[in-house]
Amino acid sequence: MHVTVTTADTTGETIGNAAIVAEEMESWLREMDGFEGLLLLASEGRALGLAFWASREIAEHHAVARAEFRERMLGVAGVRIEEVVDYEVAFARFGPRLIEAAGA
């Protein structure tokens with residue numbers, strides 16, 4: 001499993017706006033083969049978006065389209081991208097409440 005982590009400066013934006021942007025991004029990303037999910041963590045002035053992919057190869061295959069969409073969406077939202085970094089998921093275990101919340 002592969003994950004792309006996008007860090008953004010959200011100064012001046014509300015956490016509620018972050019959720020709206022994430023929902024729009026997720027609805028677009030889920031149309032891509034190999035997309036496994038999206039997690040958005042937000043605090044005052046900063047957000048981390050984690051996009052999960054079946055493999056690094058699949059993420060790289062969609063890299064240009066993802067970058068263009070990410071820039072467009074976050075630009076419209078008034079958010080500045082600070083960093084985009086790729087990782088391999090080395091370990092993950094989630095309790096039932098987190099899994100339930102993710103399904104909501």
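The values are calculated or read from the model by the stated rules, or taken from the named source; none is laboratory data. Since the structure is predicted, the reported quantities are computational estimates derived from the model, not experimental observations. Positions of Cβ are generated from backbone atoms using ideal geometry, with glycine treated the same way; all protein chains shown enter the neighbour counts. When the accessible area is computed, the model is the full protein with side chains, heavy atoms only, and any ligands, DNA or RNA have been set aside. Shrake-Rupley method; radii C 1.70, N 1.55, O 1.52, S 1.80 Å.
Quick notes on this structure:
- In sequence order, calculated HN-Hα J values of the range 55-71 (Karplus, 6.51, -1.76, 1.60; Hz; x Gly/Pro): 7, 4, 4, 5, 4, 5, 4, 9, 4, 5, 4, 5, 5, 4, 5, 4, 4
- Here the extension length gained between residue 14 and residue 39 equals 7.3 nm, from 0.36 nm per residue of separation less the Cα-Cα distance.
- Annotation: amide H of residue 36 within the under-5 Å range of 52, 53, 54, sequence separation 5 or more or interchain, hydrogens built in the peptide plane.
- For the chain, a simple Cβ point-charge model (Lys and Arg +1, Asp and Glu -1, everything else neutral) yields a dipole of about 200 debye relative to the Cα centre.
- Calculated accessible area for the range 6-104 comes out at 68 Å² per residue, all protein chains present (probe 1.4 Å; ligands, DNA, RNA ignored).
- Phi angles of the range 84-89 translate, via the Karplus equation with coefficients 6.51, -1.76, 1.60 and θ = phi - 60°, into HN-Hα couplings of 10, 10, 9, 9, 9, 6 Hz per residue; Gly and Pro are given as x.
- At most 12 other Cβ within 10 Å, DSSP loop - trypsin sites (Lys or Arg not before Pro), the chain: 30, 93
- Amide H to amide H, with H built 1.01 Å from N, residue 10 comes under 5 Å of 45, 46, 47, counting only residues 5 or more places away or on other chains.
- In the chain, the ratio of gyration radius to Kirkwood radius, Rg to Rh, stands at 0.95 when only Cα atoms are counted.
- For the chain, with +1 on Lys and Arg beta carbons and -1 on Asp and Glu, the positive-most of 14, 59, 99 along the dipole: 99
- Within the range 7-53, the GluC sites (Glu not before Pro) that combine a DSSP coil assignment with at most 16 other C-beta atoms in a 10 angstrom radius are 31, 44.
- Here the 3J(HN,Hα) profile of the range 38-52, calculated from phi with Karplus coefficients 6.51, -1.76 and 1.60 at θ = phi - 60°, is 9, 10, 10, 10, 9, 9, 4, x, 8, 9, 10, x, 10, 9, 9 Hz, Gly and Pro shown as x.
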